[in-house]
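What follows is a set of notes on a single structure, which appears directly below.
The values are calculated or read from the model by the stated rules, or taken from the named source; none is laboratory data. Just so we're clear, the structure is a prediction, and the values are computed from it rather than from any experiment. Cβ sites come from the backbone with ideal geometry, for glycine too, and all protein chains shown count toward neighbours. With ligands, DNA and RNA removed, areas are computed over all heavy atoms of the protein, side chains included. Shrake-Rupley method; radii C 1.70, N 1.55, O 1.52, S 1.80 Å.
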Amino acid sequence: MSRERTMHLGISFSPESGPAAAAGLDFGLFAQLVRKAEANALDMVVFADATPFEATTLVAALATVTSRIGLAAAASTVAHQPYNLARRFASLDIISHGRAGWNASMTQKPLEAANFSRPDGFSPDDFRRRTEEYIDIVQGLWKGWDADALLFDKSAGRFHDPEKMHLLDHKGEFFSVRGPLNVARSPQDTPVLVMSGLSPSDVDIAAAARTADVVLVSETSPENAKLFRDNLAARSTAYGRAPDAVKILVTLEPSGTPAETADRLEAQFRTGNCHGFNVVLPPQIAALDGFIGDVLPELQQRGFARHDYGGDTLRTNLGLAPGGAS
């Protein structure tokens, strides 16, 4: 790439944005879509838990038919205990050879808690505090083993090096979790934490600055985008991280024509207020072909989008430091 900055590009498939109900349960369609995205070196595909398949199950299956593209799955902090969720994503990261991400939302779904013994849900403040504690637990469990902690030394009877195992021993407002996981350290150190559903409040921005690797934000005015970026960068620095430790991806749907979409993405990217985009498409081959066949080549010709992957893990391809560090 001739430019100093490369535009990171993710894809989300939204059944609501197109007539996909008839093919909704076709895993082959999702496999074909993701392989096409991978063939064009897109950074990742983000799966909401609104597809016909449970998102982490879908990602596990897709990991077996892909090799380079990142696979991020939404998983609810209400529907899962933190230990089980941490173990699931640690396993997904090993299965995918370091390409897994967890999309954690800071927004409560109105009816979800009623399916998990909380008919009244949580107050907004309780949900936010609970989610932050939950994320801290998951990230702590992911770091419970040093990379070389597991020895598997049968002759000496040593399964692991005790000095390289770290108990979490968490006792908080909402959860109590001892740890560690019974899964080894991730090939990319830890799965990528993608946060979405952020409000403009200082509380949410602070949570993202402290824990997130990637944030998905809605399209907004240049002035508001700059305020968000500056606030996130300042808070990241205050937590001892680099100002751009958290990658900002703007979620949007393509415009009418390919040229308009490319112009729109370039204009936003040139402001420096984001690191790339999460493009929402219906789960249709024609829709993906329209983006990768018309818009992506235009971005590549302008020097913003890459032609191939730069590394083997999602964290590397997004230019992220190990394990949410600076």
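Projected label points at residue 65 and residue 166, each 7 Å from Cα along the beta carbon direction, are separated by 3.8 nanometres.
If the cut-off is 19 Å between C-alpha atoms, which lysines fall inside it for residue 247, apart from same-chain ones fewer than 8 positions away? Straight-line reach from residue 247, under 19 Å: 226. P(r) for segment 217-326, from all Cα pairs and a bin width of 10 Å, is 13, 38, 36, 13, 1 %, short bins first. Among the protein heavy atoms, those of residue 166 account for about 80 Å² of accessible surface (1.4 Å probe, every chain in place).
Distance between the 7 Å Cα→Cβ label points at residue 107 and residue 218: 0.6 nm. Ignoring ligands, DNA and RNA, what percent of the accessible area of segment 15-137 is carbon or sulfur (1.4 Å)? Ligands and nucleic acids excluded, carbon and sulfur reach 55 percent.
Taking N as the residue count of segment 201-247, its C-alpha radius of gyration divided by 2.2 N^0.38 Å amounts to 1.04. In a simple Cβ point-charge model (Lys, Arg +1; Asp, Glu -1; nothing else charged), segment 34-161 has a dipole of about 340 debye relative to its Cα centre. Secondary-structure-derived ellipticity at 222 nm for the chain, considering helices only, amounts to -10500 deg cm²/dmol, per-run term -39500 (n - 2.57) for DSSP H runs with n ≥ 4. Principal semi-axes of the equivalent ellipsoid, √(5λ) from the alpha carbon gyration tensor of segment 145-283, are 39, 19, 14 Å from largest down. Here r is the Cβ-Cβ distance between residue 271 and residue 81 and R0 is 30 Å; the resulting FRET efficiency, rounded to 0.05, is 0.15. In the full protein context, the chain carries 45 Å² of accessible surface per residue, based on a 1.4 Å probe and ignoring ligands, DNA and RNA.
Projected onto its three principal axes, the C-alpha set of segment 83-218 covers 54, 30, 26 Å, listed from the longest axis down. Straight-line reach from residue 164: taking Cα to Cα under 19 Å and skipping same-chain neighbours fewer than 8 places apart, the lysines in range are 143, 154.
Using R0 = 41 Å, the C-beta based FRET efficiency linking residue 259 and residue 239 works out to 0.50.
A Cα-only calculation for segment 5-121 places Rg and Dmax at 14.9, 47 Å.
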